[in-house]
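Please read the structure below before turning to the comments.
The values are calculated or read from the model by the stated rules, or taken from the named source; none is laboratory data. Just so it is clear, the structure is predicted and the values come from calculations on it, not from any experiment. We place every Cβ from the backbone using ideal geometry, glycine too, and count neighbours over all the protein chains shown.
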Amino acid sequence: MNRQKKLIVSHAPFMHIGSAVPGRYYNVIIAALPAILAGLAYFGAPALAVICLAVSSAIGWELLICLVSKRPNTVGDGHAAMIGIILGMLLPAAAPWWMVVTSTFLAVVIGKQIFGGIGANPFNPAALSVAIVSIAWKNYFDFNAQLVNFNFSFNAFDPLVALKAFGPEVVDNYSLGGLFLGQQVGGIGSTCGLALVIGGAYLIARGYVRWEIPLSFVLGILVTATLFHMVAPEKFAGPMFHLLTGYTLIGAFFLATEDASSPVYQIPMLMYGAIGGVMTILIRNIGAYPDGIIYAILVINLINPLADKIRPKAIGKVA
Amino acid sequence: MLSKPFFGYAKPKFHYELLSTTLPQPATIALPATVTLLLPREMGPTPSPNLKPGVRVKTGQRLTWNGDPMPAVVSSVTGTIKGVRAHLGDYGNKFTAITIEADPKEELDEQFAEATGDITLQTLVEHLAGAPGDPSLETIANAQTPIHTIVVYGGDTDLLVDTNLYVLKGRMAELDQGIKTLKQATGIEKVVVAVPRDAFQNFDGHFSADVQSVPNAYPYGQPLMIYYQLFGRILDQGETFEGQGVFFLRAEAVASIGKAVIDGRVPVEKTLTVMNKEGRKKVVSARIGTPIGDILKTMNITLDDRDRLIFGGPMTGTAVYSEDLPILPDTDAILVQDSREIVLTSDYPCINCGECVRICPANVPVNMLVRYLEARQYQEAADLHDLYSCVECGLCAFVCTARIPILQYIKLAKFELAREVPAEEE
């Protein structure tokens, strides 16, 4: 039967919407670019070095672990590059090279690959890595100390550290508009709120991120901070200050929304985001750390499997 | 290939085909040189002397393996049996393929005409086996629990397919006769005709049956979804439609019954939708058993290596491996896909993006389900993650970012679970 044509046989459905894993993560990278460009404008060439090293070493670790574990090469899916770029955005511009390489190792290998690779990570890999590194090398995450040799045209004192140390009267030293435009010290890609909002809006419009998580996260922060501020304005800063400082906006748009560690149903997504926002303010206001975003993200990552149990009843099911 | 719209926030929606009021005449496929009929049983010992190569058969003649009246298949042509061989169908179903060389000089078998004076269920079962639309009335005759409702679905169960709605709109008299005959022969009083909502006005009150509408959006025409809409239930593990007292028929199957009674002979022409690589469709009419290749030739469709040939619609059809395969009584459509249009599935793990969960019409937690199915934990999938609520529409696999063959996993799981139960009972 040589004249037989060799047809492709596969299971239904025979159409596909055309989306794919690489496209998803490349788009997250694209959405991160405005914030990185803003970071480069404020922090200059050292920031570029950190970002480049973070992306390349993350890809390197991914490649290495694929070779060692004899698994198909998954570098092309863009997930490692995405982790690298988000991680780079969280690091200070003066981070030493060994810390960057160690951070990406923690993110890609410990945060993602040992759990089974893409889709299996219980925590946001970048947040997990920053949590470990910021405890291990505390001084290197002290933005005031790290960025002391930089010349800034704005108040170069980490607003959240200042708030922790001196109380809410320091709020007057910062203009909210300036903070929104990135006039503060912090992670390379996490200072410019405007750029992060643009990136986040892009992801939501393209359907890569659902609006529920960022919105409820931001609302959680605003509501909780307002309550604290109303009860004791002499002890706690106002909501807008919390919204525009530290890792808040990168957390809302890029960290909390990571696919594998966030819920998929609407109510769980709203809960997940809101709890993240509430936790952040609790840690900032009554906890020991100036910025609570990273730990809040890890906590909500933990409740993700449980939160997703709240779901609409499947058809025909009574209980 | 379909592509994801740039602004991908809203989830995609699909609607079934709605035919215009002026129905085109179906293109008729010329009598093929040979037809192949599938007798739904394994080859066995002692075949009947009437089922040997060289034996002449008439159009409408019943072919059986031996003296037993069933299973049977009705010859769609007059001609000479050329070969009888084993054929393996989907899900390991075994058939006997009977190839008949067609003779242009048609002779009609009169057995059914003689029986039409007094139509019993047995007559219908025996003579309409393998008629267009596949009225498998044997199920009613052999049902353990009495069937209380016959559901006739007037629309098509899959996207892009016109066949059944075409039959519903174009052959209303035959359909109505079919419903009457069915009621009379089976004694089942409750016959529900489900029609797409947009066409509801045209049919309400036109049949001697209860006409009900279902939404025109995909997948509300899927049998499992219709069952849920009409009865508020799903088919749980180990349950079947007939076990629940419900029997599903295509509009075309009922029209076939009606036509058989009106004409006094069993219809042999199957209506089907053929779609070429450019997406242009045509309703054609062909003898059951016509090789696909003959139809493609008539429609000027050329097939190349690595193309895909599909029986049924794009969401739930079956890809076939050869253009020599025949048109079956339940082949509602033939789709031809160019190799460049084909998106292959991948072995990537689920990345938990949630697209499947948001599009699922049955609220199945697909993201969790697929993790269990990949690990072959079928019973856990059924117990914990609503495997049996799935209506098998394929929308989850359609939107899956990781391109996981989710529908295949689900069907495999249901198949494996169904296979396990009898093994335990033994």
All but one of (1) under 26 Å from residue B:373 (Cβ atoms); (2) in a loop (DSSP other than H, G, I, E, B); (3) touching a strand residue (DSSP E or B) at 6+ places or on another chain (Cβ under 6 Å) hold for residue B:310; state the number of the condition that does not hold.
(2)
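Per-residue answers, yes or no, for (1) more than 28 Å from residue B:269 (Cα to Cα); (2) at pLDDT below 85; (3) out of contact with any Ser or Thr (no Cβ under 9 Å at 6 or more places or on another chain):
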site	(1), (2), (3)
B:140	no, yes, no
B:144	yes, yes, yes
B:148	yes, no, yes
B:155	no, yes, yes
B:215	yes, no, yes
B:222	no, no, no
B:235	yes, no, yes
What number of residues in the range A:186-211 are over 13 Å from the mean Cα position of the chain (by Cα), within 17 Å of residue A:273 (Cβ to Cβ) and part of a loop (DSSP other than H, G, I, E, B)?
3
Name the single residue, out of those in the range B:313-341 being small (Gly, Ala, Ser) and touching an Asp or Glu at 6+ places or on another chain (Cβ under 6 Å), that is nearest to residue B:162 (Cα to Cα).
B:313
Residues that are surrounded by fewer than 24 Cβ atoms within 10 Å (Cβ to Cβ) and under 25 Å from residue A:314 (Cβ atoms): does the range A:235-246 have at least one?
no
Only one of A:89, A:82 that is buried (at least 22 other Cβ atoms within 10 Å of the Cβ), of a type in the set (A, V, I, L, M, F, W, C) and within 14 Å of chain B (Cβ to nearest Cβ):
A:82
Filter result for residue A:294 (within 12 Å of the chain's Cα centre (by Cα), more than 12 Å from chain B (Cβ to nearest Cβ) and at pLDDT 90 or above):
yes
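Looking for whichever is at pLDDT below 90, more than 14 Å from chain B (Cβ to nearest Cβ) and either assigned to a helix (DSSP H, G or I) or under 21 Å from residue A:293 (Cβ atoms) (or both) here; the options are A:131, A:126, A:145. Which one fits?
On the way: A:131 fails: at pLDDT below 90; A:126 fails: at pLDDT below 90.
Just a single option satisfies the conditions, and that option is A:145.
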Any idea which residue in the range A:173-185 is farthest from residue A:258 (Cα to Cα), counting only those that are in contact (Cβ under 8 Å) with a residue 60 or more places away in the chain and not in a loop (DSSP other than H, G, I, E, B)?
A:176
Examine the range A:69-78 for a residue that is surrounded by fewer than 22 Cβ atoms within 10 Å (Cβ to Cβ), in contact with a Cys (Cβ under 9 Å, 6 or more places away or on another chain), more than 12 Å from chain B (Cβ to nearest Cβ) and free of Cβ contacts under 8 Å to residues at least 12 places away in the same chain, and state whether such a residue exists.
yes
Applying the selection to the range A:277-299, what residues are farther than 17 Å from residue A:138 by Cα, aliphatic (A, V, I, L, M) and surrounded by 20 or more Cβ atoms within 10 Å (Cβ to Cβ)?
A:278, A:279, A:281, A:296, A:297, A:298
Filter result (charged (D, E, K, R) and within 7 Å of another protein chain (Cβ to nearest Cβ)) within the range B:392-410
B:403
Taking the condition closer than 22 Å to residue A:133 by Cα, modelled with pLDDT of 95 or more and more than 14 Å from every other protein chain (Cβ to nearest Cβ), does residue A:274 pass?
no
crowded, with 23+ Cβ neighbours inside 10 Å, farther than 30 Å from residue B:402 by Cα and over 17 Å from the mean Cα position of the chain (by Cα) - does that describe any residue in the range A:115-136?
no
Filtered residues of the range B:367-391 (kept if among the aliphatic types (A, V, I, L, M) and facing chain A (nearest Cβ under 9 Å))
B:368, B:391
All conditions in (1) closer than 30 Å to residue B:356 by Cα; (2) at pLDDT below 90 are true of residue A:203 except (2)
Within the range B:62-84, the count of residues that are among the charged types (D, E, K, R) and without any contact (Cβ under 8 Å) to a residue 24 or more places away in the chain comes to 1
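How many residues are surrounded by 17 or more Cβ atoms within 10 Å (Cβ to Cβ) and in a helix (DSSP H, G or I) when one looks only at the range A:155-167? Steps first, please.
Quick first cut of the range A:155-167, residues surrounded by 17 or more Cβ atoms within 10 Å (Cβ to Cβ) only: A:155, A:157-164.
The next check asks that each one be in a helix (DSSP H, G or I); those that pass are A:159-164.
Total meeting the criteria: 6.
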Hey, can you tell me all the residues within the range B:364-380 that are crowded, with 18+ Cβ neighbours inside 10 Å and touching a Lys or Arg at 6+ places or on another chain (Cβ under 9 Å)?
B:365, B:378
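Here is a yes/no grid of residues against (1) assigned to a helix (DSSP H, G or I); (2) within 28 Å of the chain's Cα centre (by Cα); (3) of a type outside the set (Asp, Glu); (4) surrounded by fewer than 23 Cβ atoms within 10 Å (Cβ to Cβ):
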{"residue": "B:329", "(1), (2), (3), (4)": "no, yes, yes, no"}
{"residue": "B:347", "(1), (2), (3), (4)": "no, no, no, yes"}
{"residue": "B:352", "(1), (2), (3), (4)": "no, no, yes, no"}
{"residue": "B:383", "(1), (2), (3), (4)": "yes, no, no, yes"}
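Against the definition (surrounded by fewer than 23 Cβ atoms within 10 Å (Cβ to Cβ), farther than 26 Å from residue B:392 by Cα and under 22 Å from the mean Cα position of the chain (by Cα)), how does residue B:202 come out, yes or no?
Working: surrounded by fewer than 23 Cβ atoms within 10 Å (Cβ to Cβ): yes; farther than 26 Å from residue B:392 by Cα: yes; under 22 Å from the mean Cα position of the chain (by Cα): no.
In short, no.
Among the residues that make up the range B:49-63, is at least one of them β-branched (Val, Ile, Thr), away from chain A (no Cβ under 14 Å) and in a loop (DSSP other than H, G, I, E, B)? Write out each step before concluding.
Here is the first cut: in the range B:49-63, the residues β-branched (Val, Ile, Thr) are B:55, B:57, B:59.
When the remaining residues are screened for being away from chain A (no Cβ under 14 Å), the result is B:55, B:57, B:59.
From what is left, the residues that are in a loop (DSSP other than H, G, I, E, B) are B:55.
Yes: one or more hits.
Scan B:59, B:28, B:46 and give me the residue that is surrounded by fewer than 13 Cβ atoms within 10 Å (Cβ to Cβ), β-branched (Val, Ile, Thr), touching a residue at least 60 places away in the same chain (Cβ under 8 Å) and more than 30 Å from residue B:399 (Cβ to Cβ). Spell out the reasoning first.
Working: B:59 fails: surrounded by fewer than 13 Cβ atoms within 10 Å (Cβ to Cβ); B:46 fails: touching a residue at least 60 places away in the same chain (Cβ under 8 Å).
Of the residues listed, the single one that is surrounded by fewer than 13 Cβ atoms within 10 Å (Cβ to Cβ), β-branched (Val, Ile, Thr), touching a residue at least 60 places away in the same chain (Cβ under 8 Å) and more than 30 Å from residue B:399 (Cβ to Cβ) is B:28.
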If you scan the range B:290-333, which residues turn out to be hydroxyl-bearing (Ser, Thr, Tyr) and more than 14 Å from chain A (Cβ to nearest Cβ)?
B:290, B:298, B:331
Here is a check on your reading of the model: is residue B:359 more than 9 Å from every other protein chain (Cβ to nearest Cβ), surrounded by fewer than 20 Cβ atoms within 10 Å (Cβ to Cβ) and not charged (D, E, K, R)?
yes
Does residue A:22 satisfy being in contact (Cβ under 8 Å) with a residue 12 or more places away in the chain, assigned to a helix (DSSP H, G or I) and within 14 Å of chain B (Cβ to nearest Cβ)?
yes
Can you pull out the residues in the range B:385-424 that are surrounded by 24 or more Cβ atoms within 10 Å (Cβ to Cβ) and acidic (Asp, Glu)?
B:386
Return only the number of the condition from (1) under 24 Å from residue A:192 (Cα atoms); (2) away from chain B (no Cβ under 14 Å) that residue A:257 does not satisfy.
(2)
